[in-house]
Each structure stands twice: as structure tokens, then as C-alpha cells.
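For reference, the structure discussed in these notes is given below.
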Amino acid sequence: MATEIVPTVLIEEVLIEASPDLEWAPDSQMRTLTDLLRPAITKLVMSCTSPAQMATTLEQERESLSGNRLAAKAFEVFVRNMSEA
């Protein structure tokens, strides 16, 4: 099994921060949202070595998640938390 760049627990935490009701969501819903969000977060983290690449990746991933309000909100929570770290 490949090592996750961003642990599942971190992705679940930003999902819950974006929507506290998810704390009591069925595991299947959390897995679905985590699977949707993981590629965008991973790509953003991988792009951190280049500010230009990071800006491009940020816009691309915002667009890719725009069809799911909750995933898009959680992505913004992750971005905000990352910028504050």
C-alpha cells in the first residue's frame, strides 16, 4: 500500500470543520467525501515547492471540486489552515 501524503484523519478533520454534522455521518459518506477531496489536497501539497505552480494548482483544484459544495468548502478550510501554519 502506498504511503498517503495527507493522512485520512486530516482530510476527515477538514471535512468536519467545514460541516460539523459530518462528525455523525455514516462511514460510507465520509469515505466518499475523503476520496473526492484527497486528490485535490495531495496535488496542492505536492505543488508547494513552486509558488507559480501552487497558484495554478489551487485554481485547477477549486474548479475540479466546484460541483460538490461540501468538498469545495472543505478544500478552502484546508487552504486556509495551510496558509495559517
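The values are calculated or read from the model by the stated rules, or taken from the named source; none is laboratory data. If you're wondering where the values come from, they're calculated on a predicted model, not measured in any experiment. Every residue, glycine as well, gets a Cβ built from its backbone with ideal geometry; the counts of neighbours run over all protein chains shown. Please note that ligands, DNA and RNA were not included when accessible areas were found on the heavy atoms of the full protein model with its side chains. Shrake-Rupley method; radii C 1.70, N 1.55, O 1.52, S 1.80 Å.
Could you work out how much longer the chain between GLU23 and ALA52 gets when fully extended? Use 0.36 nm per residue separation minus the Cα distance between them, nm to one decimal.
Length gained, GLU23 through ALA52: 6.9 nm.
What order do MET30, MET46, MET82 take when sorted by accessible area (1.4 Å probe), most exposed first?
Highest to lowest solvent-accessible surface, that is MET46, MET82, MET30.
Report the one residue of PHE78, LEU15, MET30 whose Cα lies farthest in the direction of the positive end of the charge dipole of the chain (charges on C-beta: Lys and Arg +1, Asp and Glu -1; origin at the Cα centre).
The listed residue farthest towards the positive side: PHE78.
Just the Cα atoms of the chain: what Rg and Dmax do they give in Å?
12.5, 38
Excluding ligands, DNA and RNA, what is the solvent-accessible area per residue of region 1-74 at a probe of 1.4 Å, expressed in Å²?
With the other protein chains kept in place, region 1-74 gives 64 Å² per residue.
Only Lys, Arg, Asp and Glu count, each charged at its Cβ (+1, +1, -1, -1), so figure out the dipole size of the chain about its Cα centre, rounded to 20 debye.
It works out to roughly 240 debye.
Please tell me the relative contact order of the chain in percent, rounded to the nearest whole number, where contacts are Cα pairs under 8 Å and at least six residues apart.
Here the relative contact order equals 36 percent.
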